[in-house]
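S.K.: Before anything else, here's the structure in question.
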């Protein structure tokens, strides 16, 4: 029986990767800007996006436009900030090279007509030089760094006078104020890197957070619990109420919570959000370019902080045993318990010196660490975890 269960687990992980980071439709005919025409005011910004293709599938974007009329700054491969420099009209052209779902290369040229207008005349005169339209008084743009949300947030928080459009609301949300009539966006932070923020409208964000609060309540979490119990209760609730289903494509937080089925990536990003919501540092971690005998074997899991160290939580593994005692084997184990292929092919952001220095993943599991340090008040045995009331 144990061999059959192990075989089932291996098959589930292998089949997960076929659908990881995939869309439900071929996107070749739908790649476009989110706006085909846009009017902006001189000195103001507008954020334009490339839609219809995943950011990770984009290999290269070449832009062409009148540099005298607008300034364009790359925020991500699929996101650009346009600043009006001079009254006039220009067309922003982007030649997008990307991969289809079957990894076939594709190219498409997309366009957006830009009309830059002068500012409206002010009704009252002022001698305050800070209010003039000179270029040196335009609010500075943020250096986004190398897809690192920590660097971005640090720059915002350290600049007391900056009043830009991007704000940190809490430890799990950044807010992007829509400009020139654009929609406000709420980004859910599931790792220290900007590239893994999950963006939503105000309506969807509120719906997600209400569901997160409901799950915390249903998990019967109280302030007097140790972090280990809180984190286990959240994970246990997720794998018992959200099915692992390799036939689905919903791997974002919204689809995971409301479709009630997902794969490894959906488990991991959603778990990271809920843990961060209750005050526990938790990251979504994943592999890239992992192939064995031509078979895509990418996987996703979490690093969660308990005490001074981080530990591995793999809800995919826990879901395979969700109705048995072995459910506990998915929680709070050591770095070396990950198979070598996962450790070698983890996404590059998680290999940097900065990340390794600030996210030390323990070499022994959490129970053994507490036992070694002589502080058993912060841990439970596997039997105690399994027998926690639901």
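S.K.: What is the number of the single condition among (1) farther than 21 Å from residue 271 by Cβ; (2) in a helix (DSSP H, G or I); (3) within 30 Å of the chain's Cα centre (by Cα); (4) touching a residue at least 12 places away in the same chain (Cβ under 8 Å) that residue 364 does not meet?
M.R.: (2)
S.K.: So, one more: Which condition number in (1) surrounded by fewer than 18 Cβ atoms within 10 Å (Cβ to Cβ); (2) under 24 Å from residue 225 (Cβ atoms) is the one that residue 293 fails?
M.R.: So the condition that residue 293 fails would be (2).
S.K.: Examine the stretch 140-150 for a residue that is part of a helix (DSSP H, G or I), modelled with pLDDT under 85, touching a strand residue (DSSP E or B) at 6+ places or on another chain (Cβ under 7 Å) and closer than 23 Å to residue 49 by Cβ, and state whether such a residue exists.
M.R.: yes
S.K.: Conditions: (1) touching a helix residue (DSSP H, G or I) at 6+ places or on another chain (Cβ under 8 Å); (2) touching a residue at least 60 places away in the same chain (Cβ under 8 Å). Residue 311 meets all but one. Number of the miss?
M.R.: (2)
S.K.: Within the stretch 343-363, can one find any residue that is surrounded by fewer than 18 Cβ atoms within 10 Å (Cβ to Cβ), at pLDDT 95 or above and either in contact with a helix residue (DSSP H, G or I) (Cβ under 7 Å, 6 or more places away or on another chain) or more than 22 Å from residue 275 (Cα to Cα) (or both)?
M.R.: yes
S.K.: If you scan the stretch 285-323, which residues turn out to be more than 24 Å from residue 223 (Cα to Cα) and in a strand (DSSP E or B)?
M.R.: 285, 286, 287, 291, 292, 295, 296, 300, 301
S.K.: Take residue 165 and decide whether it is out of contact with any helix residue (DSSP H, G or I) (no Cβ under 9 Å at 6 or more places or on another chain), exposed (fewer than 13 other Cβ atoms within 10 Å of the Cβ) and either modelled with pLDDT under 95 or farther than 22 Å from residue 331 by Cβ (or both).
M.R.: Spelling it out, it is not the case that residue 165 is out of contact with any helix residue (DSSP H, G or I) (no Cβ under 9 Å at 6 or more places or on another chain), exposed (fewer than 13 other Cβ atoms within 10 Å of the Cβ) and either modelled with pLDDT under 95 or farther than 22 Å from residue 331 by Cβ (or both).
S.K.: Check off (1) modelled with pLDDT under 80; (2) surrounded by 15 or more Cβ atoms within 10 Å (Cβ to Cβ); (3) touching a strand residue (DSSP E or B) at 6+ places or on another chain (Cβ under 7 Å) for residue 18 and give me the number that stays unchecked.
M.R.: Only one criterion in (1) modelled with pLDDT under 80; (2) surrounded by 15 or more Cβ atoms within 10 Å (Cβ to Cβ); (3) touching a strand residue (DSSP E or B) at 6+ places or on another chain (Cβ under 7 Å) is unmet by residue 18, namely (2).
S.K.: Additional query: Restricting the search to the stretch 325-361, which residues are in contact (Cβ under 8 Å) with a residue 40 or more places away in the chain and assigned to a loop (DSSP other than H, G, I, E, B)?
M.R.: Those that are in contact (Cβ under 8 Å) with a residue 40 or more places away in the chain and assigned to a loop (DSSP other than H, G, I, E, B): 331, 332, 345, 347, 359, 360.
S.K.: Could I ask something else about it? Suppose the filter is crowded, with 16+ Cβ neighbours inside 10 Å and not assigned by TED's automatic domain parsing to the domain that holds residue 56; does residue 308 pass it?
M.R.: no
S.K.: Inspect all residues belonging to the stretch 246-255 and state whether any of them is at pLDDT 95 or above, touching a strand residue (DSSP E or B) at 6+ places or on another chain (Cβ under 6 Å), in the same structural domain as residue 338 (by TED's automatic domain parsing) and buried (at least 19 other Cβ atoms within 10 Å of the Cβ).
M.R.: Scanning the stretch 246-255, I find at least one residue that is at pLDDT 95 or above, touching a strand residue (DSSP E or B) at 6+ places or on another chain (Cβ under 6 Å), in the same structural domain as residue 338 (by TED's automatic domain parsing) and buried (at least 19 other Cβ atoms within 10 Å of the Cβ), so the answer is yes.
S.K.: Right, here's the next one. Taking residue 234, is it surrounded by 22 or more Cβ atoms within 10 Å (Cβ to Cβ) and over 22 Å from residue 349 (Cβ atoms)?
M.R.: Spelling it out, residue 234 is indeed surrounded by 22 or more Cβ atoms within 10 Å (Cβ to Cβ) and over 22 Å from residue 349 (Cβ atoms).
The values are calculated or read from the model by the stated rules, or taken from the named source; none is laboratory data. This is a predicted model, so every value here is computed, not measured. Reconstructed Cβ throughout: ideal geometry from the backbone, glycine too, with neighbour counts over all protein chains shown.
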